[in-house]
1. Name the residues in segment 119-176 that are over 23 Å from Val47 (Cα atoms), touching a residue at least 12 places away in the same chain (Cβ under 8 Å), open to solvent by 40 Å² or more (accessible area, probe 1.4 Å) and in a loop (DSSP other than H, G, I, E, B), would you?
2. Among the residues of segment 137-155, are any modelled with pLDDT of 95 or more, under 24 Å from Asp18 (Cα atoms) and away from the ligand (no atom under 13 Å from the Cβ)?
3. Just need a number here: residues in segment 86-104 that are without any contact (Cβ under 8 Å) to a residue 40 or more places away in the chain, out of contact with any Gly (no Cβ under 7 Å at 6 or more places or on another chain) and away from the ligand (no atom under 16 Å from the Cβ).
4. Suppose we filter segment 125-136 for residues that are away from the ligand (no atom under 11 Å from the Cβ) and closer than 14 Å to Asn37 by Cα; how many remain?
5. Go over the candidates Ile32, Ile28 one by one and state the one that is β-branched (Val, Ile, Thr), crowded, with 20+ Cβ neighbours inside 10 Å and touching an Asp or Glu at 6+ places or on another chain (Cβ under 8 Å).
6. So which strands (runs of 3 or more DSSP E) stay within segment 1-89 end to end and still have 3 or more residues that are modelled with pLDDT of 95 or more and closer than 19 Å to Ile105 by Cβ?
7. Right, Ser96: more than 19 Å from Asp107 (Cβ to Cβ), of a type outside the set (Val, Ile, Thr) and at pLDDT 95 or above or not?
8. With the checklist (1) farther than 24 Å from Phe121 by Cβ; (2) in contact with a strand residue (DSSP E or B) (Cβ under 6 Å, 6 or more places away or on another chain); (3) more than 15 Å from the ligand (Cβ to nearest atom) in hand, flag the one item Ile65 doesn't pass.
Amino acid sequence: MFEILRPKVYVDSICNIDLNKLIKTKKIKGIIVDLDNTLIAWGEKEVSQKNIDWVNEAKKLGLKICIVSNTNSKRVAEFAKIFDVPYHSKYFKPFSVAFNNGLKILDTKKSETVVIGDQLFTDIWGGNRLKLLTILVTPIVKKDSIGTFLHRNLEKIIISFWLKTDKIKKEVGNWPK
Ligand SMILES: [Mg+2]
């Protein structure tokens, strides 16, 4: 059920993604990452240092990284500047054009690219459709925009069904092991 929405991996936070092992074991070269509730808390202006460190670590290791977000462009631009990474916010996820623009910015192949986000109906759906490696993270905070809030209840039902039926498991600690 809802296979197109099912992430390949489910972790608590981006910081649980071991970048070294992601490169070595999954041959990943590029990261398309969501902004709100993945890199920063929704509605907040502060960025946690550990997330900045994670992005810097990715860059240091030679990974290309690009924010693809459905949030208004001004907000995305502001945070892209703080993280010092390129961004795309013109087209909406889950439409393929948004992810294809991300891939163009990264200049990586689909097989070398991972999508990381906190929403099944945008990040994971779009990433799966293009056959990218998809990683779901727990939203940083429970607050959301009204539009997202409506999806959340359905998401919770689907995720708890998958967990109960062993369709997905939440990784304990870092991933890849
Ligand atoms: Mg999000």
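1. Hits for segment 119-176 are Lys131, Lys167, Lys169.
2. Among the residues of segment 137-155, not one is modelled with pLDDT of 95 or more, under 24 Å from Asp18 (Cα atoms) and away from the ligand (no atom under 13 Å from the Cβ), which makes the answer no.
3. Adding up the residues that qualify gives 6.
4. 1
5. Ile28 is the lone residue from the list that is β-branched (Val, Ile, Thr), crowded, with 20+ Cβ neighbours inside 10 Å and touching an Asp or Glu at 6+ places or on another chain (Cβ under 8 Å).
6. Result: 30-33, 64-68.
7. Considered against the rule, which asks whether it is more than 19 Å from Asp107 (Cβ to Cβ), of a type outside the set (Val, Ile, Thr) and at pLDDT 95 or above, Ser96 comes out as no.
8. If we test Ile65 against (1) farther than 24 Å from Phe121 by Cβ; (2) in contact with a strand residue (DSSP E or B) (Cβ under 6 Å, 6 or more places away or on another chain); (3) more than 15 Å from the ligand (Cβ to nearest atom), just (1) comes out false.
The values are calculated or read from the model by the stated rules, or taken from the named source; none is laboratory data. Model, not experiment: these values are computed from the prediction. No Cβ is skipped: glycine too gets one built from the backbone with ideal geometry, and neighbour counts run over all protein chains shown. Heavy atoms of the whole protein, side chains included, go into the accessibility calculation; ligands, DNA and RNA do not. Shrake-Rupley method; radii C 1.70, N 1.55, O 1.52, S 1.80 Å.
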